[in-house]
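Some notes on the structure that comes next.
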Amino acid sequence: IIMPLFTGLLSFYFTKDKQGPLMGYSSALNMLGGVIATLIAGGLAMISWRLSFLVYLLGLISIVLCIIWMPNDRIYDNKKSSRSSGQMKQYASFIAVMFVTSFTFFVYPASFAMECAASGAIPQDLIAIIMAMMDVFGFAGGLIFSSISKKISRGARFIAPVLFIIAYLLLGVVGGAFGVVAGSAFLGVANGIGVPFIMTSASAKAGRDAATTVMPLISAALYLAQFATPLILSAVSQFVSVNSFVIALFAAVLLVFVS
């Protein structure tokens, strides 16, 4: 509920020239929030695993900020916004790209700990630290998203796919401590750039109606991919015995063609 609203409202309240940087900042803070929430949840889990769920109380901060600063505007128009099959067709490309991008990314959190434990490339007590480092690089990717997109305007859609390919080549092919650390860094930057690029492109097409049209659809695709990633990996492993990162590498290559 929250994600399509806060991204859609950027296109509702801000002009196109400001939406790109703001989408990048939004992605950056989302990744940073992952670091903070993970650290807080980990500290609470050391006391009791049940207490780790108290991390969701962070949502109260958003509620307070919205009450104080969010304008009380009506953003829904029955005439302009409806969940129809026409909308699905109109934004199908954004939905597909978001699903593939999210799947490519979520292979990492779904498999990283198990792959590292199996390979022994790094000590297991460093796994959580490296995953947190990946989020930090994702934060950096979100911050530089706007400037990179402007410098490479025509090829901007290939930035995230290429970075994903490099990341999974390092993780799945190079391996070792260097491959694990460098691959995690590239992966964070790829996600930090890729998600705001999709959202910026979608909101530019939908205009001020983005919050009630395309944003809910691509947000649904993102979370569907997060849910489906372990199932897809499990299904593929029934037929092919291959490193999960290699599967993600093929997804990253596919992303080059569907972006």
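The values are calculated or read from the model by the stated rules, or taken from the named source; none is laboratory data. Bear in mind that the values here come from a model prediction, so they are computed numbers and not experimental data. Note that we place each Cβ from the backbone using ideal geometry, even for glycine, and neighbour counts take in every protein chain shown. Surface areas here come from the heavy atoms of the whole protein model, side chains and all, with no ligands, DNA or RNA. Shrake-Rupley method; radii C 1.70, N 1.55, O 1.52, S 1.80 Å.
Descriptive notes on the structure:
- Only one entry in Tyr56, Tyr108 is at pLDDT 85 or above, under 30 Å from Gly176 (Cα atoms) and not β-branched (Val, Ile, Thr), namely Tyr108.
- Residue in segment 121-130 that is at pLDDT 85 or above, in contact with a Ser or Thr (Cβ under 7 Å, 6 or more places away or on another chain) and not basic (Lys, Arg) present: yes
- Residues of segment 107-147 that turn out to be more than 16 Å from Ser27 (Cα to Cα) and assigned to a helix (DSSP H, G or I), as a count: 21
- Considering segment 161-196, and only residues there that are open to solvent by less than 10 Å² (accessible area, probe 1.4 Å) and within 19 Å of Ser93 (Cα to Cα), the residue that is farthest from the chain's Cα centre (by Cα) turns out to be Pro161.
- Test: residue in segment 239-248 that is over 23 Å from Ala167 (Cβ atoms), out of contact with any Leu (no Cβ under 9 Å at 6 or more places or on another chain) and either at pLDDT below 95 or open to solvent by less than 60 Å² (accessible area, probe 1.4 Å) (or both): yes
- Top-ranked residue of segment 213-238 - restricted to ones that are of a type outside the set (A, V, I, L, M, F, W, C), farther than 18 Å from Phe197 by Cα and at pLDDT 90 or above, ranked as least open to solvent (accessible area, probe 1.4 Å): Thr229
- Checking Asn72 against (1) assigned to a helix (DSSP H, G or I); (2) among the polar types (S, T, N, Q); (3) open to solvent by 100 Å² or more (accessible area, probe 1.4 Å), the condition it does not meet: (1)
- Taken together, the residues in segment 145-160 that are aromatic (Phe, Trp, Tyr) and open to solvent by 20 Å² or more (accessible area, probe 1.4 Å) amount to 1.
- Whenever a residue of segment 1-13 is closer than 17 Å to Trp69 by Cα and open to solvent by 30 Å² or more (accessible area, probe 1.4 Å), its partners that are among the basic types (Lys, Arg) and in a helix (DSSP H, G or I), lying with C-beta atoms within less than 8 angstrom and at least six residues away or across chains, give the pairs Phe12/Arg208.
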